[in-house]
Structure formats: C-alpha cells, structure tokens
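First up is the structure itself, then whatever we jot down about it.
The values are calculated or read from the model by the stated rules, or taken from the named source; none is laboratory data. Keep in mind that what you see is a predicted model, and the values were worked out from it rather than measured. Cβ placement follows ideal geometry from the backbone for every residue including glycine, while neighbour counts extend to all protein chains displayed.
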Amino acid sequence: MLHITNLHASIDGTPILKGLSLDINPGEIHAIMGPNGSGKSTLSKVLAGHPAYEVTEGTVTFQGKNLFDLSPDERARAGVFLAFQYPVELPGVNNRAFLKLAVNATRKANDQPELDDVAFEALLRDKAAVVQMDTEFLDRAVNEGFSGGEKKRNEILQMALLDPTLAILDETDSGLDIDALRIVADGVNTIMTPDKAALVITHYQRLLDYIKPDVVHVLAHGRIIKTGGPELALKLEEQGYDWILEEAGLLSAV
Amino acid sequence: MTAVLKALNPVEHTRQRLKTAVALNPFEEGMLRTSRNDGSETMNALLASATEAYHRVGFPSRRQEAWKYVNLSALAAQSLPYLLPSHFHSNAIEFTSVWPKEWPTVVALNGRVMNSPLPDGVTLLSATKSSPETLSLAGLSHEALANNDDTFSLLNACGVLQGHVAGPVWVVPKESVANGGLPSVWDWSTLSNEEAGQCAMRGTVVVEESAKATLVVDLTSMGFSPLSLSNIHLNFSVESHAELDVVVIQDSQTTGHVSLVTVATQLSAHARCTLTTLSLGQGLARLNLDTHLNAEGSEFNHQGLVIQHQAAQAFTHSVVNHVVGNTTSHQWVKAILNDQAKHDFDGTIVVASMATGASANQLNNNLLLSGHARALARPQLRIDTDDVQCSHGATVGQLSDDQLFYLLSRGLPDSVSRCLLTYGFAQAALDEIRHPEVKAMLTQRVLAALGQSESPVENCLMDCTQCHSHAHEPVLTSANR
C-alpha cells in the first residue's frame, strides 16, 4: 500500500530525513518509535504534504501512485489521514460544518453521493459515540477551547468519519489520561479492516497495549535503524534506545 | 461679527464668507448655496448656525489626523446635486432585508422616506412642523451645531434644514420593546449622462428609559456614477436602563461611490448599546463613531467588520468618550482585505479626568488576502485619570499556514479551506448580535460579501452555517418599489 524508498527531506535547509525506507501492506499496523528529534513527526508531515518540508530525494508510492504528485488535499481525499500531534484551533469555524464539508469533499472525490444534513447527522452521531465525544463539542469552533484530550478525540472522530485507507497517528497518545487513551485506541481499532493500514508514531509502549502493531520500527538520525515485532517495543520500554543506537553506530550522533 | 452672521440668511452668509475669507471649493459652494429654504424662522436660525459652524470647521484636509489617509480631492472638485426619488428605477435593485419581514420598516429610496403611514413611534423631521425638542434629538440645536466639528455631519444638518434630506426619528417609548428596520437605497445609475450626485439621510433613534430596541440600518448604494456621495448621520440616544442593539450596514457596490456615515451615540445611566457595523463593497467608505458614555453603569459594545475588494478603501474613525467613571466599552474591529483594498483604523478611547473606574478595551485585527492589500491601524488611548482598566491593540496578518494545512489534510480543497478560515475570521464580529434571525440573515450577507472575492466562499459555506433555514424576504418587491 505504502512504499517509501530512500526518503530524504529537509526543513529550512536542514536535513531531517536521511534515507528512510519503509513498506506498509494492507491490514498492517506499523509503529514507529524513536528518540526526540529523530524525524518521526517530519515523516508524518512529509507524507501528508506539509509545504514547509522539502523532499530532496527518494520516492513514496501510495496504492501505486506517486504520493508527491498529489497536493495535500488530494492525498487526504485519496485516503491518507494524519492525526496531528498538536491539532490546531480554528476560531470561528464551526466543528460540525467543518466535518460535513470534509466528509462530503472526500465522498465527492470518490464518486459517492454527498450526504445531506440528515444522513450526515446520523453518521456523526454514530462516530461520536465511538470516541465518546460530547456533542457539545460539535457546536463549538474546531478545537477552540478543547482540552488536550478532547482535541485528540476530535482527531479520531475525523478519522472515523473520513474512513481513510492509511491512518498516520502522530503521538496521538501524548497528553491523554488512561481512559482517554483507551477510548482513542478503541476508535482506531474500530476503523481497522483488512484493506486498511495504520502508521502509529509513539514514544510509549502503553499505546501499543491497546493498538497491537504488526511491525515496530525504530527511527533515529532520519532513518529506520531497526525493525522488529511487538516485542521490540517492550524491549525499548525496558532498556531505552542506547543499545540500538550503539548497534547502529549512532550513539554519539544523536 | 458672529451675531451679524447669524442674523443673515444662510445664502447671504455664504456670499459674505466668499467675499471675505477662504474661497469655498466647488463642492462646498454647491452644498451651502443650495437655496431651497422654505422653513420656519426656527429652521432658518438653525441653518444659519449650521452654516456658521461649517465655515468654522471647513472641508477636511489630509493634514488633519482624522482625515489623514482619506483622499476627497475628487469630491471637492465639483458640485453634487441631490438625487431625486423620481430617479428610482424598479429594475435597478436586488435588495434583501436582514431582519424579519414582520418588523416595522422605514424605507428610504434615493434619500426620501417612502412609507405612508409611518410605523408607530416614527416621525419625519420637517422644516415647518418639527418641534425644537424633536430637532434637538436629531442634533439640530444651536448648541449641538456649534459644538459639532464634523464637516459632513454639518453638511448633513444643512441638507435637513434646507429640506433636501430625509430625517426619520424613531422614539421607543419608556419600558417598551421594539424592533425595526431602516433600509436606505440609492441608485446612481438613474442619473442622466452618468453625472455625479449625492444623497443624505439623518436618522435618529431614542430609546427611552428601561425600553429595549433592536434596529437594523441598511445603507446600500448601487448603480454606476463617476462620483457619488451618500452622507449619513445617525443619532442614537439610549436613556437610563434602556438597551439598544443596532446593526449598521454600509454597502457600497460601486467604485465611484463615497459613503460617509457618522454614528453619534449618547448613553445614560446603566444604558447599554451594542453596535455591529458592516462595511462592504468597492468604493470609499468611512465610518465615524462618536460615542459618549455620559453616566455611570453605561456600556457600549462595538463589533465592526470590514470586507473590501478591488481598490476599495475603508476608514474606521472612532472616538469613545468615557465622560464619567464606572462605564464600560468594548470595541473589536476586524477587516478582511482582498485585491488592492485598504483599511485604516483610527480609534481613540478617551477617559475623562472624572471617570475613575472606567473599563475600556479596543482591538483591531486585519486579514490581508492579497499581497497588494494594505491595513493601517492606529489604536489610541487618552487617559486623564488613574484607576482605570484600558487596553488596546492591533494585528495585521495573513491566513495561518498551519491552519490552512490542517484543513487541506482533511481533504478540503485549497479554495474552500481559505474560505473557511476567512469566514471564521469574520464570524466573531457577528457574535454579539442577540437576535437569532438577524444574526442568521447577516451571516448570509457576510458570506455573499466574501463571495465577491476570488474565493467562492458563498458556494462552499452557504450550506454549512445553519443560516440556510432562514429564508430571505425581499424588503422591496415590485409592488412597493
């Protein structure tokens, strides 16, 4: 589904990703862990098409298409979804209206009929229940005055509504209490089907207790330095990153 | 000298002035020499006062701070005749109301009030019938005229006193509740040979003790003229414990139009006025707010929204006077500027020496949608006492890249994302409108105004702002045009 080959990317002339390669197949959940500053968030933003990042080398194909040929909104409508680490606030933009516009933009692009108010409300009610979101938040401006946890729930609500093929979760667990973490993880698991995939960026093993990864990668110094199964995350939780960095000869470089 | 001048017929006075002092420009000459003067002795005396006051004030100069960036040279260069009601063409307007259709409405076309009979509580200033008390409510007393430093307010007064300008006066009786609409439409396309012209109106609203009123004033100019002027003066008097919610729309749809609107507000003890202003269009629009919080417990709230395109110029000039202590004012003016549009915010909060405990804040935010748009902001405080709470500030910026990316990452096309953020910026200016139907209708008016830009805001948001459930009812149908 997603094939990343030798990806190099920089921001303001500073290289961040330095030869990252990764393959994700349908039905798989991949977790990416790594020290601060290793490039995890950069990878998520490059995949989503943030204009501040420049891709200097490498290729990324998504469902056979060159991802870089698509604008950020085209990528989203093609099925790539990024749950932000820090969801932005949009003062004056009604959350419900925004969600309806987003859903119908994707449906229209995929030759599906747009939802009218009644159909959308039914869908919204169902998906809000999955993330246990108070409907009061639907009538506010997007993310404005939301707690950290509510912002993350709103991200997962958007993901559930847009039903992406590839979901990228950028430290969605940061700032969540234990109950919220479980609810968010349940939301992710609910949308996972054999034809979908997820890339979960996290610092902590605890999220992976709820979202079971098939593959765990360690990202450091702008590239994947180790790949393993779920047991790798457990070992990282116990022993930290030094042993992997040492294996890769990067201990002094990070 | 003054006494002699006062005794003169205004036209004679002007002639005297012409002989002895600075020559008037063609525009002034046309205004002050307009000779329709068939009023009573009282009116003649007031006209003499207004004319004298005008000569003291004179035509605005760009050397004056309040007019620094307003170029009126084209206006000064020629005499502008008043537009006549008979010029109005029924096929020239496409006008919709922004208030419920059942509200009492005073319709003014080309400067003349067309209603007959008038709604309860509404009278018209008359050269022969108006009492001194009624004239005083409209700012037409010798004292008020002598203290008036605003050129166009004085010319407006001259127009009323000469009988050229409509002057509806709406009195909301003590302890009552009332709503009303005041649409005023000018159609310049009906002037022959595309000549220049002008219209004016002087509206007065008095909300008596403990009464509550909601009013929408919609000032719309349409049709092409190489140069046209609308000169509007609105007096709002809110008496003790009364409340006035008022919306003033300044909609100039033609490039050659100069729209000058003065809103003079007087607030008594524990009175509250919430003013929402909307400045739209493509001409030159100047809004002049002159607010006096005269007694303790009074409160003034102003939310202003400016949406300008092409080479439009908007000027918001405001002075909020905290005359006494324990008074409150909030002012928030937002401007959305596209193409080569320009906005100048010149706002001053004045806290008098006796006004201990006054609370005032003022904010001006400008959103530039084009590299050629320009915003100037001059928020100012003049505080003559201690123990007050005052703040002011201004911002000029563009749409946030991070906010834009967030929307794009949800699949919304670039144009729709920009629309959504632009509308979000504007929306806060409508928050204080308490009447839900007025708010919904005004939202559509704002969307339509945003839709005039390159971004199709109207198309992408009309269905999503909860305003689609409120039907637009035209104020002017073929029957009453």
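Does the stretch A:31-79 hold any residues that are more than 10 Å from chain B (Cβ to nearest Cβ) and assigned to a loop (DSSP other than H, G, I, E, B), and which are they?
Hits for the stretch A:31-79 are A:G34, A:P35, A:N36, A:G37, A:S38, A:G39, A:Q63, A:G64, A:L70.
State the number of residues belonging to the stretch A:5-15 that are surrounded by fewer than 22 Cβ atoms within 10 Å (Cβ to Cβ) and in a strand (DSSP E or B).
The first filter runs over the stretch A:5-15 and keeps only residues surrounded by fewer than 22 Cβ atoms within 10 Å (Cβ to Cβ), leaving A:5-6, A:8, A:10-15.
With the extra rule that they be in a strand (DSSP E or B), the set shrinks to A:5-6, A:8, A:10-11, A:14-15.
So the count comes out to 7.
Filter the stretch B:265-302 down to residues that are among the hydroxyl-bearing types (S, T, Y), in contact with a Ser or Thr (Cβ under 9 Å, 6 or more places away or on another chain) and either closer than 27 Å to B:D187 by Cβ or in a strand (DSSP E or B) (or both), then give me how many there are.
The initial filter retains those residues of the stretch B:265-302 that are among the hydroxyl-bearing types (S, T, Y), namely B:265, B:268, B:274, B:276-277, B:279, B:291, B:298.
From what's left, in contact with a Ser or Thr (Cβ under 9 Å, 6 or more places away or on another chain): B:265, B:268, B:277, B:279, B:291, B:298.
Now drop any that are not either closer than 27 Å to B:D187 by Cβ or in a strand (DSSP E or B) (or both), which leaves B:265, B:277, B:279, B:291.
Matching residues across the stretch B:265-302 total 4.
Of everything in the stretch B:370-392, what is among the β-branched types (V, I, T) and in a strand (DSSP E or B)? Give them in sequence order. Break it down into steps so the answer makes sense when it comes.
Of the residues in the stretch B:370-392, the ones among the β-branched types (V, I, T) are B:383, B:385, B:388.
Listed by number, the list holds a single entry, B:I383.
With the structure loaded, tell me whether B:G297 is touching a helix residue (DSSP H, G or I) at 6+ places or on another chain (Cβ under 8 Å) and within 20 Å of B:L244 (Cα to Cα) or whether it fails that test. Show your work before the answer.
Values: touching a helix residue (DSSP H, G or I) at 6+ places or on another chain (Cβ under 8 Å): no; within 20 Å of B:L244 (Cα to Cα): yes.
It is false that B:G297 is touching a helix residue (DSSP H, G or I) at 6+ places or on another chain (Cβ under 8 Å) and within 20 Å of B:L244 (Cα to Cα).
Just one of B:T262, B:T254 is in a loop (DSSP other than H, G, I, E, B), touching a strand residue (DSSP E or B) at 6+ places or on another chain (Cβ under 8 Å) and either among the hydroxyl-bearing types (S, T, Y) or closer than 20 Å to B:F27 by Cα (or both); which is it? Let's see the steps before the verdict.
Working: B:T262 fails: in a loop (DSSP other than H, G, I, E, B).
Among B:T262, B:T254, only B:T254 is in a loop (DSSP other than H, G, I, E, B), touching a strand residue (DSSP E or B) at 6+ places or on another chain (Cβ under 8 Å) and either among the hydroxyl-bearing types (S, T, Y) or closer than 20 Å to B:F27 by Cα (or both).
Residue by residue through the stretch B:349-375, note down the ones that are buried (at least 19 other Cβ atoms within 10 Å of the Cβ) and either closer than 23 Å to B:A426 by Cα or free of Cβ contacts under 8 Å to residues at least 12 places away in the same chain (or both).
B:A360, B:Q362, B:N364, B:N365, B:N366, B:L367, B:L368, B:L369, B:A373, B:A375
Select the strands (runs of 3 or more DSSP E) contained entirely in the stretch A:121-232, then report the ones holding at least 1 residues which are away from chain B (no Cβ under 14 Å).
Values: elements: A:166-170, A:197-201, A:215-220, A:223-228.
So the answer is A:197-201, A:215-220, A:223-228.
Could you go through the stretch B:407-424 and let me know if any residue there is away from chain A (no Cβ under 11 Å) and surrounded by 16 or more Cβ atoms within 10 Å (Cβ to Cβ).
As a first pass, look at the stretch B:407-424 and keep what is away from chain A (no Cβ under 11 Å): B:418.
Those left that are additionally surrounded by 16 or more Cβ atoms within 10 Å (Cβ to Cβ): B:418.
Checked the stretch B:407-424: at least one residue is away from chain A (no Cβ under 11 Å) and surrounded by 16 or more Cβ atoms within 10 Å (Cβ to Cβ).
The rows are residues; the columns are (1) among the aliphatic types (A, V, I, L, M); (2) out of contact with any Gly (no Cβ under 9 Å at 6 or more places or on another chain); (3) surrounded by fewer than 19 Cβ atoms within 10 Å (Cβ to Cβ).
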position	(1), (2), (3)
A:S44	no, yes, no
A:A52	yes, yes, yes
A:G58	no, no, yes
A:D69	no, yes, yes
A:D73	no, no, no
A:V80	yes, no, no
A:V88	yes, yes, yes
A:P91	no, no, yes
A:V103	yes, no, no
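Would you point out the residue of the stretch B:222-237, among those that are at pLDDT below 85 and in contact with a Ser or Thr (Cβ under 9 Å, 6 or more places away or on another chain), that is nearest to B:Q198 (Cα to Cα)?
Here is the first cut: in the stretch B:222-237, the residues at pLDDT below 85 are B:222-226.
Then keep just the ones that are in contact with a Ser or Thr (Cβ under 9 Å, 6 or more places away or on another chain); that gives B:222-225.
On the way: B:M222: 12, B:G223: 13, B:F224: 13, B:S225: 10 Å.
The selected residue is B:S225.
In contact (Cβ under 8 Å) with a residue 12 or more places away in the chain and within 23 Å of B:L83 (Cα to Cα): does that describe B:V319?
no
Going by what's in this entry, would A:T135 be described as of a type in the set (V, I, T), out of contact with any Lys or Arg (no Cβ under 7 Å at 6 or more places or on another chain) and modelled with pLDDT under 90? Steps first, please.
Numbers: of a type in the set (V, I, T): yes; out of contact with any Lys or Arg (no Cβ under 7 Å at 6 or more places or on another chain): yes; modelled with pLDDT under 90: yes.
Taking the combined requirement at face value, the residue satisfies it.
Looking at the stretch B:207-251, which of its residues are among the small types (G, A, S) and either within 10 Å of the chain's Cα centre (by Cα) or part of a strand (DSSP E or B) (or both)? I'd like the intermediate steps shown before the answer.
Taking the stretch B:207-251 as the starting set, the residues that turn out to be among the small types (G, A, S) are B:210-211, B:213, B:221, B:223, B:225, B:228, B:230, B:237, B:240, B:242.
Scanning the stretch B:207-251 gives B:A213, B:S221, B:S228, B:S230, B:S237.
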